[in-house]
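Take a look at the structure below.
The values are calculated or read from the model by the stated rules, or taken from the named source; none is laboratory data. Just so you know, these numbers come straight off a predicted model, no measurement behind them. Virtual Cβ from ideal backbone geometry, glycine too; neighbours counted across all protein chains shown. Please note that ligands, DNA and RNA were not included when accessible areas were found on the heavy atoms of the full protein model with its side chains. Shrake-Rupley method; radii C 1.70, N 1.55, O 1.52, S 1.80 Å.
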Amino acid sequence: MKDPAERAVIAMLPVIVATQHPRAVTWSRHSLGVRPARSARHLARQWLTRHACAEHVIQAAELVVAELVANAAQHGGCPTALSLDIDHPTPRTEGVLLICVHDRGPEEPQCTVVKTQSAPGLHECGRGLAIVAALSQAWGVVRHQDQHKHVWCELPVPQSHVSAPA
């Protein structure tokens, strides 16, 4: 298996329209529309369902995809692409779902929590990357010289919880 950062860069090569092959798919910002987090969640569910992923894997992916795309929309202007790449499990190893969001924002993602003044126990924002960190086995950022970045994470896909696409 390639290094996660290398896989993220390969997975996010510039795209104009949605592209896919048997184990990966990339959607452009045009595919994500005016509600990118919602659209991304829906597209991820459809694709992972076609790959016969277990419901708990799909739910975790939906949540992570929505958080990463929402972060890109809020802090990076808008997500320019979303990519999913699945390495199927083998009899000896667990599979991995790589999720990658590309945006043009210069800010480095921060895994922090911001509390509201009116209700200190309630968090208004800042949960996104904490959720990503909790659900993923790894996550990170690949920066490019032109200020673009890819925020990626890997979700485990247990053995017998994915099959070849339908």
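Within the stretch 62-69, does at least one residue satisfy the condition of being in contact with a strand residue (DSSP E or B) (Cβ under 6 Å, 6 or more places away or on another chain) and among the small types (G, A, S)? For the stretch 62-69, residues in contact with a strand residue (DSSP E or B) (Cβ under 6 Å, 6 or more places away or on another chain) and among the small types (G, A, S): absent. Among the residues of the stretch 46-62, just one is acidic (D, E) and farther than 21 Å from A138 by Cβ, namely E55.
Kindly evaluate G95 against the criterion of being open to solvent by less than 10 Å² (accessible area, probe 1.4 Å), touching a Pro at 6+ places or on another chain (Cβ under 9 Å) and not β-branched (V, I, T).
Values: open to solvent by less than 10 Å² (accessible area, probe 1.4 Å): yes; touching a Pro at 6+ places or on another chain (Cβ under 9 Å): yes; not β-branched (V, I, T): yes.
Considered against the rule, which asks whether it is open to solvent by less than 10 Å² (accessible area, probe 1.4 Å), touching a Pro at 6+ places or on another chain (Cβ under 9 Å) and not β-branched (V, I, T), G95 comes out as yes.
Scanning the stretch 149-166 for residues that are over 20 Å from L82 (Cα atoms) and open to solvent by 40 Å² or more (accessible area, probe 1.4 Å), which turns out modelled with the highest pLDDT?
Looking only at the stretch 149-166, we keep the residues that are over 20 Å from L82 (Cα atoms), and these are 158-164, 166.
Okay, now just the ones that are also open to solvent by 40 Å² or more (accessible area, probe 1.4 Å), so 159-161, 163-164, 166.
On the way: Q159: 66, S160: 60, H161: 51, S163: 52, A164: 51, A166: 51.
Out of the qualifying residues, it is Q159.
Here the helices (runs of 4 or more DSSP H) wholly within the stretch 1-119 that include at least 1 residues being at pLDDT below 75 are 4-11, 29-32, 55-75.
The number of residues in the stretch 133-148 that are among the small types (G, A, S), open to solvent by 40 Å² or more (accessible area, probe 1.4 Å) and in a loop (DSSP other than H, G, I, E, B) comes to 0.
If you scan the stretch 59-69, which residues turn out to be buried (at least 20 other Cβ atoms within 10 Å of the Cβ) and out of contact with any Pro (no Cβ under 6 Å at 6 or more places or on another chain)? Explain how you work it out, then say what you get.
As a first pass, look at the stretch 59-69 and keep what is buried (at least 20 other Cβ atoms within 10 Å of the Cβ): 60-61, 64-69.
Within the stretch 59-69, A60, A61, V64, V65, A66, E67, L68 meet the criteria.
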